Amino acid sequence: MARRLFWGFRPWRSPNGVTVFVGEPEKALLDLVYLSRRAGEPIWIDIDFSTLDRRKLRRYASRFPVSVARAVEELRAQQSPA
């Protein structure tokens, strides 16, 4: 992954004292789409978009290639009730 896209993680200390970095859900979705597209893999995800912060998702998506934001919007549209 491009170094410029390495952000959107929070440090979390596990019960045994090890610090790990946990990705925010909005960033994790964008990473999945970005990496899937780079690998030429289809994007399949079952996610409830209502659990995501739409403003944060838009703000984060602006830091990715435009194609990633489009792909996320297509996924959201596919999962919205008709």
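Whether a residue is modelled with pLDDT under 95 and under 17 Å from Arg70 (Cα atoms) was assessed, and Leu35 passes this test. Summed over region 48-80, the residues that are more than 11 Å from the chain's Cα centre (by Cα) and not in a helix (DSSP H, G or I) give a count of 6. Within region 1-26, the set of residues being modelled with pLDDT under 95 and either of a type in the set (A, V, I, L, M) or closer than 17 Å to Arg70 by Cα (or both) comprises Met1, Ala2, Leu5, Val20, Val22. Would you call Arg63 of a type outside the set (A, V, I, L, M) and touching a Phe, Trp or Tyr at 6+ places or on another chain (Cβ under 9 Å)? For Arg63, the condition - of a type outside the set (A, V, I, L, M) and touching a Phe, Trp or Tyr at 6+ places or on another chain (Cβ under 9 Å) - is met. Of all residues in region 22-47, those that are under 18 Å from Ala2 (Cα atoms) and part of a helix (DSSP H, G or I) total 14.
In region 27-49, what residues are touching an Asp or Glu at 6+ places or on another chain (Cβ under 9 Å) and under 13 Å from Leu75 (Cβ atoms)?
Within region 27-49, the subset touching an Asp or Glu at 6+ places or on another chain (Cβ under 9 Å) is 35, 43.
The one that is touching an Asp or Glu at 6+ places or on another chain (Cβ under 9 Å) and under 13 Å from Leu75 (Cβ atoms): Ile43.
Could you tell me whether region 45-54 includes any residue that is under 16 Å from Glu26 (Cα atoms), among the acidic types (Asp, Glu) and either exposed (fewer than 10 other Cβ atoms within 10 Å of the Cβ) or touching a Pro at 6+ places or on another chain (Cβ under 7 Å) (or both)?
Kept after step one, since they are under 16 Å from Glu26 (Cα atoms), are these residues of region 45-54: 45-54.
The next check asks that each one be among the acidic types (Asp, Glu); those that pass are 46, 48, 53.
Filter once more, keeping what is either exposed (fewer than 10 other Cβ atoms within 10 Å of the Cβ) or touching a Pro at 6+ places or on another chain (Cβ under 7 Å) (or both): 46, 48.
Yes, some residue in region 45-54 is under 16 Å from Glu26 (Cα atoms), among the acidic types (Asp, Glu) and either exposed (fewer than 10 other Cβ atoms within 10 Å of the Cβ) or touching a Pro at 6+ places or on another chain (Cβ under 7 Å) (or both).
The values are calculated or read from the model by the stated rules, or taken from the named source; none is laboratory data. Source: prediction; values computed, not measured. Don't worry about glycine lacking a Cβ; one is built from the backbone with ideal geometry, like all the others, and counts go over all protein chains shown.
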